[in-house]
Structure formats: structure tokens, C-alpha cells
Amino acid sequence: MKLLLTVLKGIHKPAVYVSHRRCLSSCASGGLLPHSDEPLIVGSSRELVQRLGSQVEVRTAFITEEEERAFLRELESGLKKKRYEFDHWDDAIHGYRETERVSWGAACEEVLNRVRSAAFPEGSPLLGPVHILDLDKTGYIKPHIDSVKFCGSTIAGLSLLSDSIMRLVKEDAANEWLDLLLPRHSLYILRNEARYNFTHEILKDEESVFNGQKVPRQRRISVICRNLPD
Ligand code: OGA
Ligand code: MN
């Protein structure tokens, strides 16, 4: 698994800056909105939001506060033994510590089964260990595409402790982008083109502005499930 994580982090692209955005927005289907008129997905064009929208989901309030506490109880002591890593210039992730876990207590296992049935087709072989990434308040994830050698078509992640913004940018066309608002307790799912042809990143606090609105970044833990390549 160490190898997988190294490979995941080893593939990244330089950051892309888009100025003078003209935002068009659409609501992700199936989710409860944090505020009734607030979109969860905005992008560079209506066409892109519509086309890619079917391969990107954000489900708000996917877990309860109590379920978040269950994950923290299982994860915190192991994470606390590690130090946040900041200074590796070639890492795709800055200000993080991470772990992985195969077996879980009943409360977390129940949530993970919900994630699996929301995100993956029945019978799709999954990567055994679940990946846990703990980002410091100042931590962030640079644009990258997860290794196609080790991970399949779908990536699903729970966000604990903080809201954040995930930016997708088309690999060969930096003017095509989507921003996803990932509220604390939400689940996001990236599939197919969104996973293979777009880089994804988690914005640092200073850049964490969604659709014109500041989204303060706190410490954030993500719990990520992936399937295996075909
Ligand atoms: C990764 C990644 C996103 C997240 O670890 O490859 O993109 O939600 N993580 O933490
Ligand atoms: Mn990734």
C-alpha cells in the first residue's frame, strides 16, 4: 500500500490558475444543499457542468456527527503518532499524514458499506485498504490524477472535520474546470472521465473560495475508497 500511496502522490501537474471566471452552476443530484440556493458544483461552462455532472457527485450529510466521531475514535490515536509532512517538494500533497485500514469497527464498517453501495457497481472489485488522509489546516493537495495502474474508474471520499473545495481541471485544456464544494460530512464520487481526464486537487485555505464565497479550511480528514483497475 505504501507503494500505491507513493505512486498516487508521484503523479501531479503544476497548479492551474484561471482568472476572470464566468461561473455557471448546477446542483448535484440527490444531495441536500447546505443552503437551499447554494450550488455544490460550478464550472467553466454549462455544457461541462452538465456533461461531467453525471460523473461527479457530492452528497451532503452522508454521515452524521456521531458517525464522524466513530471514525475519529478509530483513527485519531494512530494518526497522532505520525507527524504532518510539509517539506517534500515533489509530493502532490502538502501538510498531511496518512494511513490505511482494512478492518473497521461496526459503526465505521456500516458507513463504508453505504459508501460502497453508493459509489461502486455491485461486485466491482475494490482496493482492500481504505485510504485515510489527514490534512493540516494549512495542508492542500496539488493537481494530480490517481494512478491508473493501481486504481480503477471510481474514487469515493468522505470529508470529516472541515468543508473544502475540490477543483477538477481537464488535463489537456486548462480552461475546462469544475469546482466542487465538499461540505463536512459529505461524500464525493468521481467516475470515468472526471477521474481519468481531469486532475483533482484540494485547495489551500488562502485559495478556498467557492463561487465567490470563502470556504474556510480547517484540519480535514478524508476517508477514500477506490476500486481496482479492470
Ligand atoms: C488522493 C486524493 C482527495 C481527498 O489522496 O489521491 O486526491 O479527498 N485525495 O483527500
Ligand atoms: Mn487523488
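Computed from the coordinates by the stated procedures, all read-outs in this text should not be read as laboratory data. Just so it is clear, the structure is predicted and the values come from calculations on it, not from any experiment.
Taking all pairs of distinct Cα atoms, average 1/r, flip it, and tell me the Kirkwood hydrodynamic radius of region 38-194 in Å to one decimal place.
16.9 Å
Diagonalising the gyration tensor over the Cα atoms of region 170-230 and scaling each eigenvalue by 5 before taking the square root yields semi-axes of 22, 18, 9 Å, largest first.
Distant-in-sequence amide contacts of S186, defined by a placed amide H-H separation under 5 Å and a gap of 5 or more residues or a different chain, comprise A61, F62, S159. Calculated over region 111-230, the projected area of the Cα convex hull averaged across directions stands at 7.4 nm². Ignoring aspartates and glutamates fewer than eight residues from K214 along the same chain, the ones with Cα atoms less than 14 angstrom from its Cα are E38, D163, D179, D205, E206.
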